[in-house]
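The values are calculated or read from the model by the stated rules, or taken from the named source; none is laboratory data. For clarity, every value in this text was computed on a predicted model and none was experimentally measured. Positions of Cβ are generated from backbone atoms using ideal geometry, with glycine treated the same way; all protein chains shown enter the neighbour counts. Quick note on the areas: whole protein, heavy atoms, side chains included, nothing else; ligands and nucleic acids left out. Shrake-Rupley method; radii C 1.70, N 1.55, O 1.52, S 1.80 Å.
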Amino acid sequence: MAGWRLESPRVLVVDLDGSKGSAVRAATGSMVAYEGDVTFKNAGVGGGGGFRAALKQRVTGESLSLMEVTGRGTVHFAVGAGYVLVLDLAGDVLKAESEGLLALSDSLRTDVTFTGLQGASSGQGLFTTTVTGHGQVALISLGGPPIALRVSPATPLVVDPDSYIGSVGRLQQSFVTDVSWRNLIGESSGEAFSLRFEGDGVVYIQPEER
Amino acid sequence: MSTQPLDPQTLPDHDNLPDNAYAYCVRLTGPLFMQTGRMIAYYPSGGGTIRFEPLTATSMTSMVASHFSSPLYSRDWVVANGQGHVILGDRGYDINSYDLDDGNLTVRAANLLAFDAGLELKESIIPGFLTLLGTGKFLASSSGPVIFVEPPVRVDPEALVGWADCPAPAQHFDAGWMGHFLGAARSAVLGARSGEERQYDFTGAGTVLLQSSERMLEDPHVVRRLEGEVRSLGVDQLTHLQGVISAQIQQHRQ
């Protein structure tokens, strides 16, 4: 799908040609400038995911506040001077924190899934927003340029939940609470568990911990 | 900005990640001392795992004891051992690697991320700084790129990252401020500080490392060090200190 580009590492630009396929949903308040005949409308309950999604979001705290952007023109999106990461989904599943979603093609579906029940102090990684379908999605990294790390069956990956942004592919995610990892976290702060990814896919992290 | 996925084959063995000054990858080949909370991800290789052992409960006690000579900081460091790649990040600071060849370098403790077992760590006489001796590599962070200057130079304590090969600095107080201080002492009224009256004075031959920002973290170790010294005080001195601290707290609350 054409029309998505980065004007700088921190600004996403989307061209809308008036067709339904070019419409996007974007995080509420993320528009910084636009030209042309473009309308912005609250995507409604559940970020356009319907009533069921809204209920799940209410319960899980994965709040997703999106607006529908339609029409003909060019729109600039940015949030908190964060680095923007644009991904092409071709039937893949993207898992991300809801606050990390900047924009997605209108054709993509969002939902909330539960990833595990192990003492997460900050809620990072406990519930996650999934994005599925064909289209483009932009994630925001507020802690420096995002890093993409490939996971294959031969190369599992362990990630600090505080720097995790999202993941794409067929990945099994497990919580590691071994003593070894606990040692790595200072006594006063940080998570007592880490995220271990196995399978096939790509994991995105940021250099600065939240 | 590169979003091309990296894997153990394409990750650098000992370098910053491509186009990313804020993240650094180290391929483990031997024991690596690391400050806690600075690792953002790791790939264990060959089906093995990477062990992160606290210095107080390590299987390599004698190695650790001979290379890490600082009880004050020992709780905040671990030894990583095993095979694989470790990726480090530090609060969005720039991360740089330094090579020491039978040398010595002193660095701000909060900015030191990791060092290999070829180096020996000791506490500097300046509170909040650590000295590395020997031959090996270490990683340090800085707020913005590091600036190298040569003595003689006077620097702002908050901009100081570290120094190599030159004698430890002396504290220098601005002559104008000292004059004001001495005058004010007579009338028992202390003027407000500009924040620039205290400087570190470097002399001799060597290199001084500076960062471009004066943003600084609260270093918990400075407090711990003070705590240690409080124990040697008598009741009168403690009461006086209590007064000074409550006055400071009052000032902060205003």
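Observations on the model:
- Local electrostatic count at A:Pro146 - Lys and Arg +1, Asp and Glu -1, tallied over other residues with Cβ under 12 Å: -1
- In terms of accessible area, using a 1.4 Å probe and ignoring ligands and nucleic acids, A:Ser167, A:Ser174 rank largest first as A:Ser174, A:Ser167.
- Peptide-level mean, for B:5-18, of C-beta atoms on other protein chains within 10 Å: 3
- Between helix B:235-253 and chain B there is an angle of about 80 degrees, using the helix long axis and the longest principal axis of the Cα atoms.
- Summing +1 for each Lys or Arg and -1 for each Asp or Glu among the other residues whose beta-carbon sits under 15 angstrom from that of B:Ser59 gives 0.
- Folded to 0 to 90 degrees: helix B:220-230 orientation relative to chain B principal axis, Cα: 50
- With at most 11 other Cβ atoms within 10 Å, longest stretch of chain B clear of loop GluC sites (Glu not before Pro) (DSSP): B:1-195
- Computed with a 1.4 Å probe over protein heavy atoms only, the accessible area of A:His76 comes to about 40 Å².
- Whether chain B is rounded, prolate or oblate, judged on the alpha carbon gyration tensor where a/c under 1.5 counts as rounded: prolate
- Per residue of A:155-168, other chain Cβ atoms within 10 Å of the residue Cβ number 4 on average.
- Gyration tensor (alpha-carbon) shape descriptor, the range B:14-142, a/c threshold 1.5: oblate
- Inter-label distance, nm, simple model (7 Å from Cα along the C-beta direction), B:His240/B:Arg198: 1.8
- Neighbourhood charge, 12 Å Cβ-Cβ cut-off, centred on B:Lys137 and excluding it, Lys, Arg +1 and Asp, Glu -1: -4
- Counting Cβ atoms of other protein chains within 10 Å of each Cβ in A:136-149 and taking the mean gives 5.
- Counting only alpha carbon atoms, the long axis of helix B:175-186 and the longest principal axis of chain B meet at about 50°.
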